[in-house]
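Engineer: Sharing a structure, written as structure tokens. Questions coming.
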Amino acid sequence: MLHFTSIVIIFICLSVFTNDSFSQKNDPIQTAVSRDSLFNDVEVHLSDVQRKPEFPGGKKAWHDFLRNNINLALIFSNKPVAGSYPLLVRIIVNSDGKLRETGAISNVGYGMEAEFIRCIKKSPDWIPAETGDGKKVSFTLHVSVTFKVTTGNIEMIF
């Protein structure tokens, strides 16, 4: 009888702990924080952001900055095979507009991510994200570019 009682107590404890941890795993807020907001152990998820960070001058100025600063000859010197190479980099824009973290999400090779990141780090301060009440906050942003390599040529597509 003692053995049976011990098994029942263990079963009840496991049920309670399993249900508790299960509800945390399926909590949409917990899921959003763990999946979308951690980058190098820095939590930057805010649900109240009304304006995302922006490069000074907007999207056209960002594209011009990349065109003027990415060294396509360096990438081409690594002899990439003809094709399209979509790159994705994650950056954290601090509440003061400075870039705090930069890291490649994609891994296409040929030094493409390294050159893209080098260029991003040269960028001027960004316009930071803002909450609904106008408070400037840090924000994780994904930036992308595609390199299209053909025989004797490489171009950037935004």
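The values are calculated or read from the model by the stated rules, or taken from the named source; none is laboratory data. Just so we're clear, the structure is a prediction, and the values are computed from it rather than from any experiment. In this analysis, Cβ positions are derived from the backbone assuming ideal geometry, glycine residues included, and neighbour counts consider all displayed protein chains.
Engineer: Considering segment 65-105 alone, what residues qualify as being in a helix (DSSP H, G or I) and in contact (Cβ under 8 Å) with a residue 12 or more places away in the chain?
Structural biologist: Within segment 65-105, 65, 66, 67, 69, 72, 74, 75, 76 meet the criteria.
Engineer: Any idea how many residues of segment 113-158 are aromatic (Phe, Trp, Tyr) and within 17 Å of residue 54 (Cα to Cα)?
Structural biologist: So the answer is 3.
Engineer: Quick check: is even one residue across segment 128-141 more than 18 Å from the chain's Cα centre (by Cα), among the hydroxyl-bearing types (Ser, Thr, Tyr) and assigned to a loop (DSSP other than H, G, I, E, B)?
Structural biologist: No: segment 128-141 contains no residue that is more than 18 Å from the chain's Cα centre (by Cα), among the hydroxyl-bearing types (Ser, Thr, Tyr) and assigned to a loop (DSSP other than H, G, I, E, B).
Engineer: Regarding segment 90-100, can at least one residue be identified that is at pLDDT below 95, in the same structural domain as residue 148 (by TED's automatic domain parsing) and either of a type in the set (D, E, K, R) or touching a His at 6+ places or on another chain (Cβ under 8 Å) (or both)?
Structural biologist: Yes, there is a match, as at least one residue in segment 90-100 is at pLDDT below 95, in the same structural domain as residue 148 (by TED's automatic domain parsing) and either of a type in the set (D, E, K, R) or touching a His at 6+ places or on another chain (Cβ under 8 Å) (or both).
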